[in-house]
Amino acid sequence: MWKWWLLLGMCFWVLVMFKLANKFFICSLNSFNEYSTKQNPIQLIVTEVNHLQVPMEKSLQRESEAAEKAPSKEELNWEHVQMERLELLRNVCRDEALRNVTHSRISRFVLDRIFVCDKHKILFCQTPKVGNTQWKKVLIVLNGDFSTVEEVPESVVHKPEKNRLSRLSSFSKPEIEKRLSSYFKFFIVRDPFDRLISAFKDKFLHNPRFEPWYNRDIAPEIIRKYRKNHTEAMGLQFEDFVRYLGDPNHRRLDIKFGEHIIHWVTYVELCAPCQINYNVIGHHETLQEDVPYILKKAGIDQIVSYPTIPPGITAYNKTKVKQNFSRISKRDIRRLYARFQGDFKLFGYG
């Protein structure tokens, strides 16, 4: 009998020892795991990297986006060019000696020249013979009537009832003031004499849009008053045109010619640059650089593109200007310059 009790006691002792050993093993394992977690530097680094990976990716993305938005060297250079143009404009506007040729009130005539794009808060002052057709195409696309400027027909651009471009004159006085104070405003200029040559050839020689009133109504009036030799049967000559424009009393004919004079009156008369605080002044001669700058400044560079500019078409041709003015008397040139002096001074053409 005592043997059974001895066997039972031994079994009990073995069971107790087994439990103690198992408890010691579990504690040791937990301690090892805790030690490994605390002491393994590689694992710590991996853990930290995993935690930092998401914010780092976001940070890199933000830096990438900022780099894309940051102006390039070329853009910074052109920003400087624009600042110089606006500074010159302000300085000349302050010159009291030039006030008569640089200031023009914001009349109905001026408001009729300014096209409005409310959707993108843009005001564009039309200065004919300086690539305005293309800018009007840009505005038409922005209004949503066409997808690209290439799709806009010429027949639509020049017909107010078809192009649906609003003019600033169509708004009430408070609405006009609101837009003038808050919208992005710009216009384009060109060497004044070069522009007059272009206007003369386009309206009185080539007349590509078949506008008969220029040679039927306007040319005879100019010839009658300004041609020295009335026995000449030829059509309007550039000399006649220059005498008309340089005449201090030209306004009588201007009134008679009506809206058609927009193709040769001064930028001052068209856009009132000393009265309206324009954001950008583009130059026809540097249109290749001005176009992307204007589109970006207006916030529309990702929405619309400007029509392709043929190489060399906007360059100033000094030889052409000299040839056209070679037969003009010095007196007539001086009188013409006197009228357009404001344009020459305000925009850095001399």
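A few remarks follow.
- Qualifying residue in region 303-318 (condition: outside any loop (DSSP other than H, G, I, E, B) and either within 30 Å of LYS178 (Cβ to Cβ) or assigned by TED's automatic domain parsing to the domain that holds ASP145 (or both)): yes
- Taking residues in region 161-184 that are more than 13 Å from ILE114 (Cβ to Cβ), and partners anywhere that are assigned to a loop (DSSP other than H, G, I, E, B) and at pLDDT 95 or above, the pairs with Cβ atoms closer than 7 Å and at least 6 places apart or on different chains are SER182/LYS121.
- Restricting attention to region 273-287, the residues being in a helix (DSSP H, G or I) and out of contact with any Phe, Trp or Tyr (no Cβ under 6 Å at 6 or more places or on another chain) number 3.
Quick grid of which residues meet (1) touching a strand residue (DSSP E or B) at 6+ places or on another chain (Cβ under 8 Å); (2) β-branched (Val, Ile, Thr); (3) not in a helix (DSSP H, G or I):
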{"position": "ILE188", "(1), (2), (3)": "yes, yes, yes"}
{"position": "PHE204", "(1), (2), (3)": "no, no, no"}
{"position": "ILE222", "(1), (2), (3)": "no, yes, no"}
{"position": "MET234", "(1), (2), (3)": "no, no, yes"}
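- Number of the condition not met by ASP301 [criteria: (1) in contact (Cβ under 8 Å) with a residue 12 or more places away in the chain; (2) in contact with a Leu (Cβ under 6 Å, 6 or more places away or on another chain)]: (1)
- Residue ID - farthest from the chain's Cα centre (by Cα), chosen from residues in region 300-338 that are under 18 Å from PRO192 (Cα atoms), surrounded by fewer than 16 Cβ atoms within 10 Å (Cβ to Cβ) and among the hydrophobic types (A, V, I, L, M, F, W, C): ILE333
- Considering residues of region 238-257 that are part of a helix (DSSP H, G or I) and either in contact with a Leu (Cβ under 9 Å, 6 or more places away or on another chain) or β-branched (Val, Ile, Thr) (or both) only, the residue nearest to LEU205 (Cα to Cα): PHE238
- Filter result for ASP290 (free of Cβ contacts under 8 Å to residues at least 24 places away in the same chain, surrounded by 15 or more Cβ atoms within 10 Å (Cβ to Cβ) and either in the same structural domain as ASP247 (by TED's automatic domain parsing) or part of a loop (DSSP other than H, G, I, E, B) (or both)): no
- Summed over region 193-229, residues that are under 17 Å from ARG252 (Cα atoms) and loosely packed, with under 13 Cβ neighbours inside 10 Å total 2.
- Which listed residue is touching a Pro at 6+ places or on another chain (Cβ under 9 Å) and either in the same structural domain as PHE210 (by TED's automatic domain parsing) or modelled with pLDDT of 95 or more (or both), from ILE276, ILE262, ILE255: ILE262
- Total residues in region 164-194, condition farther than 24 Å from VAL152 by Cβ, touching a Lys or Arg at 6+ places or on another chain (Cβ under 9 Å) and of a type in the set (A, V, I, L, M): 0
- Only one of LYS129, LYS137, LYS162 that is in a helix (DSSP H, G or I), under 25 Å from ILE313 (Cα atoms) and assigned by TED's automatic domain parsing to the domain that holds GLY342: LYS137
- Test result for ARG167, in contact with an Asp or Glu (Cβ under 8 Å, 6 or more places away or on another chain), surrounded by fewer than 19 Cβ atoms within 10 Å (Cβ to Cβ) and modelled with pLDDT of 95 or more: yes
The values are calculated or read from the model by the stated rules, or taken from the named source; none is laboratory data. It should be emphasised that the depicted structure is a prediction, and the values quoted were computed from it without experimental measurement. Reconstructed Cβ throughout: ideal geometry from the backbone, glycine too, with neighbour counts over all protein chains shown.
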